[in-house]
Amino acid sequence: VRIKSGKCDSDCPSAYAFQIRAASTFRETRPCTNVPIPCPFDCQQTHWKYNFPQHLNEFHPSWRAAASPSFIEQITVTRHEELKLGIPDS
């Protein structure tokens, strides 16, 4: 997955292009905000938002000390989003 001109781009035959900004905005009718995000820690990788904590914890274990508030907000999945996606409390 790559980001080109604000769109998601992939070599996968099942992929479709979409505007990252629009897809990353929570809506009651479209609650999923899972979009590709480039890693800000110079590893040149891009990961899906929902998988980003795993990448950070594995490859950048001290990321919390260096992450900007805007980046943390970008990768945060709210409880409201989880509920709208059907993720139970437990």
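Given R₀ = 25 Å, what would the calculated FRET efficiency be for Arg21 paired with His60, taking r from the Cβ atoms and rounding to 0.05?
Efficiency, from the Cβ-Cβ distance: 0.50.
Between Glu28 and Glu73, what FRET efficiency follows from the Cβ-Cβ distance if R0 is 25 Å, with the result rounded to 0.05?
Numbers: r = 20 Å, r/R0 = 0.78.
E between Glu28 and Glu73, to the nearest 0.05, is 0.80.
List the aspartates and glutamates whose Cα lies under 20 Å from the Cα of Lys84, skipping any in the same chain that are fewer than 8 positions away.
Result set, ordered by chain and number: Glu28, Glu73.
Whose amide H sits under 5 Å from the amide H of Trp48, counting only residues 5 or more places off or on another chain, with H placed in the peptide plane?
Here Ile37 satisfy the definition.
Using θ = phi - 60° and the Karplus form 6.51 cos²θ - 1.76 cosθ + 1.60, what ³J(HN,Hα) does each residue of segment 68-82 get, whole Hz, x for Gly and Pro?
6, x, 5, 5, 4, 5, 4, 9, 7, 9, 6, 5, 4, 4, 4
FYI, it's all coordinate maths here, none of it is from the lab. Predicted model, so just to flag it, every value in this text is computed and none were measured. Every residue, glycine as well, gets a Cβ built from its backbone with ideal geometry; the counts of neighbours run over all protein chains shown.
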